[in-house]
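The values are calculated or read from the model by the stated rules, or taken from the named source; none is laboratory data. None of these values were measured; they are calculated from a predicted model. When we count neighbours, we look across all protein chains shown, and the Cβ atoms used for this are built from the backbone with ideal geometry, even at glycine. Surface areas here come from the heavy atoms of the whole protein model, side chains and all, with no ligands, DNA or RNA. Shrake-Rupley method; radii C 1.70, N 1.55, O 1.52, S 1.80 Å.
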Amino acid sequence: MIAFYVIAFFIMIYLEKINKTQLPIIKDLAYAIWPSTYGEILSIEQLNYMLDNFYSIENLSNQMDNGQVFELLVEASNKVGFVAYELNCKETGWLKIHKIYLLPETQGKGFGRFMIDEVVKIAKKNQQKGVFLNVNKYNKAQFFYQKLGFAITKDEVIDIGNNYIMDDYQMELVI
């Protein structure tokens, strides 16, 4: 008689809320992720300008002070992505996802969906009307968000200084 054993490997992923001492991890992840995410969309000069400004430890700390919650996505003890969100953004009753990024090698594994699902749970728990975010008009992530039920609600062109703009769609998910 031959015995068969099935061994299942489960990869554990979870979100971990961080404090200010862990902001360098967010910065390092952004610098690792952004070139592949935006390399074909933005000039290297704009990409570097945005990273240097948006992801300085001082600016990240200010973002936390202004209500953004940062959570790391952890896969089997490796930090592979992050999300930053704000409850009741601008007193609208909506949760705003300010940032959501994954290392390129982890994309396509369901981790992005996991992060969105977790943020939606947080929004529901906090009686938010829905979730919204901005996405670059040329970023293929917009199609991912549409698959999850987000809809484009407006165009936004945001001046970020140094003669650069962000040319975005705002997308919303009513919950």
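Condition check: at pLDDT below 95, open to solvent by 40 Å² or more (accessible area, probe 1.4 Å) and closer than 21 Å to TYR38 by Cα. Does LYS109 satisfy that?
Yes, satisfied.
Quick one: ILE100 ticks every box in (1) closer than 20 Å to GLU40 by Cα; (2) surrounded by fewer than 18 Cβ atoms within 10 Å (Cβ to Cβ); (3) touching a Phe, Trp or Tyr at 6+ places or on another chain (Cβ under 8 Å); (4) hydrophobic (A, V, I, L, M, F, W, C) except a single one, so which number is it?
Going through (1) closer than 20 Å to GLU40 by Cα; (2) surrounded by fewer than 18 Cβ atoms within 10 Å (Cβ to Cβ); (3) touching a Phe, Trp or Tyr at 6+ places or on another chain (Cβ under 8 Å); (4) hydrophobic (A, V, I, L, M, F, W, C) one by one, ILE100 breaks only (2).
Considering only residues that are open to solvent by less than 60 Å² (accessible area, probe 1.4 Å), outside any helix (DSSP H, G or I) and closer than 15 Å to ASP65 by Cα, which ones fall in region 10-35?
Matches in region 10-35: ILE18 only.
Please work out which residue is least open to solvent (accessible area, probe 1.4 Å), limiting yourself to region 150-170 and to residues that are closer than 24 Å to GLU45 by Cα and outside any strand (DSSP E or B).
ASN162
List pairs: first in region 69-85 and without any contact (Cβ under 8 Å) to a residue 12 or more places away in the chain, second assigned to a strand (DSSP E or B) and open to solvent by 10 Å² or more (accessible area, probe 1.4 Å), Cβ under 7 Å, 6+ apart or cross-chain?
none
Quick one: TYR38 ticks every box in (1) open to solvent by 30 Å² or more (accessible area, probe 1.4 Å); (2) at pLDDT 95 or above bar one, so which box is it?
So the condition that TYR38 fails would be (1).
Residue by residue, here is whether (1) buried (at least 17 other Cβ atoms within 10 Å of the Cβ); (2) within 19 Å of VAL174 (Cα to Cα) holds:
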| site | (1), (2) |
| --- | --- |
| GLN63 | yes, no |
| GLU75 | yes, no |
| TYR85 | yes, yes |
| ILE116 | yes, yes |
| VAL120 | yes, yes |
| GLN127 | no, yes |
| TYR138 | no, no |
| LEU148 | no, yes |
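Within region 50-61, count every residue that is open to solvent by less than 50 Å² (accessible area, probe 1.4 Å) and touching a residue at least 24 places away in the same chain (Cβ under 8 Å).
The number of residues fulfilling the criteria is 5.
Just one of (1) of a type outside the set (D, E, K, R); (2) open to solvent by less than 30 Å² (accessible area, probe 1.4 Å); (3) under 20 Å from ALA141 (Cα atoms) trips up GLN68, so point out which.
All conditions are met except number (3).
Among the residues of region 87-97, write down those that are more than 20 Å from ASN139 (Cα to Cα) and open to solvent by less than 60 Å² (accessible area, probe 1.4 Å).
Residues satisfying the conditions are CYS89, THR92, GLY93, TRP94, LEU95.
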